[in-house]
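Each remark here refers to the structure printed beneath this line.
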Amino acid sequence: MAFIQCQFYSEVLNLSTSMTVILPQQTTTQIGMKNKIMSERHQTLYLLHGFSDDDTIWTRRTSIERYVAPLGLAVVMPQVHHSFYTDMKYGNKYWTFLTEELPSIAQSFFPLSDAREDNFVAGLSMGGYGALKWALNRPDQISAAASLSGVTDIVSHVKHSDLGPVFSLVFGDEDISGTENDLLSLIKETNRNEQKPKLYQCCGTEDFLYEDNLHFKQLCEKTNYDVTSDFGPGDHEWGYWDKKIQDVLAWLPLKANQ
């Protein structure tokens, strides 16, 4: 695998930013690694960080590079700070950056496929929210999305979280119920869309977001939305996410899994 820490300029953000990228590399003599390339234009997983982290965190807290090596899967991990993957009311347009500029830039730098069926997104906590938000708003771009301990009820989270000052910057004083930021509303809307992404969610039963994730699952069932849900012992911590990202990779519709 090739590991790339990429600094680049964003026209949308009007600043220099970064992404961490893992690219498939075919090797035969590397000890302890089984690397594979599946095609010239790689299937890609956009892997999103949580609230307190950055684009390097998945490679520092998990063995994601080792997990994807035999799959021939590229991984793109962007930096979005505390934006909740949103065009902030008082801040930068991270939603536009994520869904429009980032794929275009990454595909211009690296041999990544632009086909919907080859593009996936996953994330933890705030990143789990971002992953579901991206897939539900832009099913034309993303064919599968996975949330690990994600914020699935952002409306309730904004009302009851201790992150009030942050949410004021992100959403202002607006009611976000029923908007593109409200996952529960989006589930009802995209249920009428024939082009629906596959969804996966997992959350530990000891996690403070467990009840919200259970509610998300129940709503998917009521709307006949296809979601794979995995609830079991676990908390909001990296030991759980390191284990579950392996389950996500096995669940993704990858060429290596078919």
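The values are calculated or read from the model by the stated rules, or taken from the named source; none is laboratory data. Every value quoted in this text rests on a predicted model; they were computed, and no experiment measured them. Note that each Cβ is placed from the backbone with ideal geometry, even for glycine, and that neighbours are counted across all protein chains shown.
For L102, the stated conditions hold: it is assigned to a helix (DSSP H, G or I), under 30 Å from Q195 (Cβ atoms), in contact (Cβ under 8 Å) with a residue 12 or more places away in the chain and among the aliphatic types (A, V, I, L, M). Residues being more than 21 Å from F51 (Cα to Cα), of a type in the set (D, E, K, R), in a loop (DSSP other than H, G, I, E, B) and at pLDDT below 95 are entirely absent from the stretch 161-170. Residue under question is G128, and the condition is that it be touching a Phe, Trp or Tyr at 6+ places or on another chain (Cβ under 6 Å), modelled with pLDDT of 95 or more and not hydrophobic (A, V, I, L, M, F, W, C); does it hold? Criteria not met by G128. Within the stretch 10-27, no residue that is more than 19 Å from T56 (Cα to Cα) and free of Cβ contacts under 8 Å to residues at least 60 places away in the same chain sits with its Cβ atom under 7 Å from a residue that is assigned to a loop (DSSP other than H, G, I, E, B) and among the hydroxyl-bearing types (S, T, Y) at 6+ positions apart or across chains. From the list T223, T179, the lone residue that is β-branched (V, I, T) and either more than 30 Å from N92 (Cβ to Cβ) or in contact with a Cys (Cβ under 8 Å, 6 or more places away or on another chain) (or both) is T223. H215 passes every criterion in (1) surrounded by 15 or more Cβ atoms within 10 Å (Cβ to Cβ); (2) touching a residue at least 60 places away in the same chain (Cβ under 8 Å) apart from (1). Of all residues in the stretch 118-132, those that are closer than 17 Å to I154 by Cα and of a type in the set (S, T, N, Q) total 1.
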